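Undergrad: Could you have a look at this structure, given as structure tokens, before my questions?
The values are calculated or read from the model by the stated rules, or taken from the named source; none is laboratory data. Please read these numbers as outputs of a predicted model, since none were measured by experiment. When we count neighbours, we look across all protein chains shown, and the Cβ atoms used for this are built from the backbone with ideal geometry, even at glycine. Keep in mind that these areas ignore ligands, DNA and RNA; they rest on the heavy atoms of the full protein, side chains included. Shrake-Rupley method; radii C 1.70, N 1.55, O 1.52, S 1.80 Å.
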Amino acid sequence: MGQKQQHPNADPLPEPKKKRRVGFSNIDAGVEPNDCIKIYLVSKKEEVGTSDGYRISPVDLNSFFEEDEKIYGYQGLKITIWISSISFHAYADITFQSTSDGGKGITDLKSALEKIFGETLLENKDDFLQTFSTENNFISFVVSNEEKLQTKASNGHTTHFNGSSEAAFSDLEVVRLMMSNLAAGHLYSRLVPLVLLLVDGSNPIDVTDPSWELYLLTRKKTDQPANAQHILLGFAALYRFYRYPDGSRLRLSQILVLPPYQHKGYGSYLVEVLSNVAISENVYDLTVEEPQEYFQHVRTSFDVKRLLAFEPAQSAVKSAVLHLKQGKLSKKTQVPRFLPSTDVVDEVRKTLKINKKQFLQCWEILIYLGLDPIEKHMEDYVTIICNRVKADILGKDSETAGKEVIEVPSVHDEETSFVMFRLQNSKAGGIQMDEDQTKTQEQQLQQLVDERIKEVKLIAQKVSHKHV
């Protein structure tokens, strides 16, 4: 076979191009702060550098980091933070294998931690260890010349919860500091990191506003009688509002029992003191700003116990219970709400400083306690709770009944252009929903009712031995 010959004047064939190999660097996925940061509350320097301190569980560390709530640029990152329960300074031990920019930069850990700890964060470990001796009496110095409050219930007897004896509380002191005092502002500034870490959704108070009051729950160490040292167990921040013409109102904004001392009755003890302050100073009422679920449980348990000993409230409860026992409420088309009268609501506020919203929370529990035996009347009681939940949720839509919104074109902004009008043949409460929407709404309402019944039973069991 003949071979194909190339023309002598033809250009040589180009060499085949070599394929370029493209390498992709690893993209930095980041690490969540909650996964690489551990925080310990320590009471002595020997606990620093170990896991002997009390490890605290912050609400959410991720929210303090701006870039997608993650830390970038570190491999093998571990951050251990120790907070002194003596001076409330902090020290962070940061270790990692290496750093590299994987496309998201390298997180500035120092500035991120300073957002939480501020000036309480010490860079030098030796300086931090030294505070355990140099500021050993920090809390004692702050409370030394401040107003000490006595805790005495309205019946003349000290009351405690969770089975705690009076002896267990004999070495406690509650001290009130006015924020106009520089020492109060200085102390609170050191407590801010704990507020940010442990109080969900809370922001620091304005220490320059003299209307703020700080209440400290402390305990004296008995092993040093000559030089009594105060240990801070918890604190509360209240704001005093002016009420025309010459009165005031108290609002509890922040309350925190330090993690090592929680679930020991100290929170109830502090609530008792604050309630007694409101009564002794005859403020209009004592309210709570956005209470968390567990604190609301503690608060309601305390208030129900007081209401059980308050004759006007008990008289109203007996009347409501007597009326409730008369018939099958679940069979009626219109179910009464069995609310206390305005006079009783006002008397409770004047005497016990419990505002209306809180009293109505307690009222449902008082009714439950009055229905003895509860098993015989449980169906009617659930009907009352269900009726109230529906009124609270669906009642808010009453003003929109019979109204319809339609979009109309506009040269200004199409997304915000609409017209609202009332349908001529519409009836009150005539909001139409399809079958699936109705079923979903009923399920959600039933879930709320079940949760409320469960909470009522828990508090009833806590305040009374009959309902177990």
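Undergrad: Give the ranking of THR383, THR440 by solvent-accessible surface, highest area first, calculated with a 1.4 Å probe.
TA: So, going from the largest accessible area down, we get THR440, THR383.
Undergrad: Using label points projected 7 Å from each Cα along Cα→Cβ, tell me how many nm separate TYR242 and LEU458, to one decimal.
TA: Distance between label points: 4.1 nm.
Undergrad: While we're on this one: Taking the Cα centre of the range 38-134 as the origin and placing charges on Cβ (Lys, Arg +1; Asp, Glu -1), which of GLN97, TYR54, THR131 is farthest toward the positive end of the dipole?
TA: TYR54
Undergrad: With each pseudo-label sitting 7 Å past Cα toward Cβ, what's the ASP127-SER315 distance in nm, one decimal?
TA: It is 6.5 nm.
Undergrad: Now for a separate question. Ordered by residue, what ³J(HN,Hα) values in Hz, to whole numbers, does the range 191-198 give under the Karplus form 6.51 cos²θ - 1.76 cosθ + 1.60, where θ = phi - 60° and Gly and Pro are x?
TA: Whole-Hz 3J(HN,Hα) from phi for the range 191-198: 8, 3, x, 5, 4, 5, 7, 10.
Undergrad: If the chain between SER211 and THR134 were fully stretched, how many nm would it gain, using 0.36 nm times the residue separation less the Cα-Cα distance?
TA: 24.5 nm
Undergrad: On the protein heavy atoms, probe 1.4 angstrom, tell me the percent of accessible surface of the range 164-285 carried by carbon and sulfur.
TA: For the range 164-285, the apolar C and S fraction of the accessible surface comes to 50 percent.
Undergrad: Moving on to the next point. Along the range 174-181, what does the Karplus equation 6.51 cos²θ - 1.76 cosθ + 1.60 (θ = phi - 60°) give for ³J(HN,Hα), rounded to whole Hz, x for Gly and Pro?
TA: Result, rounded to whole Hz: 10, 10, 9, 10, 7, 5, 5, 7.
Undergrad: Provide the gained length on full extension for the span ASP450 to ASP35, in nm with one decimal, where the gain is 0.36 nm per separating residue minus the Cα-Cα distance.
TA: Once the chain is fully extended between ASP450 and ASP35, it gains 145.9 nm.
Undergrad: Given the pairs LYS44/LYS264; LYS44/LYS462; LYS221/LYS353; LYS353/LYS439, which are separated by over 31 angstrom at their Cα positions?
TA: From the list (LYS44/LYS264; LYS44/LYS462; LYS221/LYS353; LYS353/LYS439), the Cα-Cα distance tops 31 Å for LYS44/LYS462; LYS221/LYS353; LYS353/LYS439.
Undergrad: List the residues whose amide H sits under 5 Å from the amide H of LEU233, counting only those 5 or more places along or on another chain, with H placed 1.01 Å from N in the peptide plane.
TA: Residues meeting the amide H criterion: LEU217, THR218, ARG219.
Undergrad: Given +1 on the Cβ of Lys and Arg, -1 on the Cβ of Asp and Glu, and no further charges, what dipole in debye does the range 169-252 carry about its Cα centre, rounded to the nearest 20?
TA: With only Lys, Arg, Asp and Glu charged at Cβ, the dipole is about 100 debye.
Undergrad: Using alpha carbon centroids, what distance separates the range 42-110 and the range 267-299, in Å?
TA: Here the two parts' Cα centres lie 35 Å apart.
Undergrad: Here is a follow-up. Can you list which of the GluC sites (Glu not before Pro) found in the range 45-86 are DSSP loop residues with at most 14 other C-beta atoms within 10 Å?
TA: GLU66, GLU67
Undergrad: Test of the criteria: in the range 25-123, which chymotrypsin sites (Phe, Trp or Tyr not before Pro) are in a DSSP loop and have at most 15 other Cβ atoms within 10 angstrom of their Cβ?
TA: Hits after loop and neighbour filter: PHE96.
Undergrad: Something else now. Note down the nm distance, to one decimal, between modelled labels 7 Å out along Cα→Cβ at VAL199 and at ILE279.
TA: The two pseudo-label positions are separated by 2.5 nm.
Undergrad: Here's a follow-up. Mind running the shape call on the range 30-86? Use the C-alpha gyration tensor, a ≥ b ≥ c as the square roots of the eigenvalues: rounded below 1.5 for a/c, prolate if a/b tops b/c, oblate otherwise.
TA: prolate
Undergrad: Let me ask something else. At each listed q (0.15, 0.29, 0.34 Å⁻¹), what is the log10 of I(q)/I(0) that the Debye formula gives for the range 54-98 modelled as equal alpha-carbon point scatterers?
TA: -0.52, -1.14, -1.15
Undergrad: For Cα pairs less than 8 Å apart in space and 6+ apart in sequence, what is the mean separation divided by the residue count of the range 55-135, i.e. the relative contact order in percent?
TA: Reported as a whole number, the value is 31 percent.
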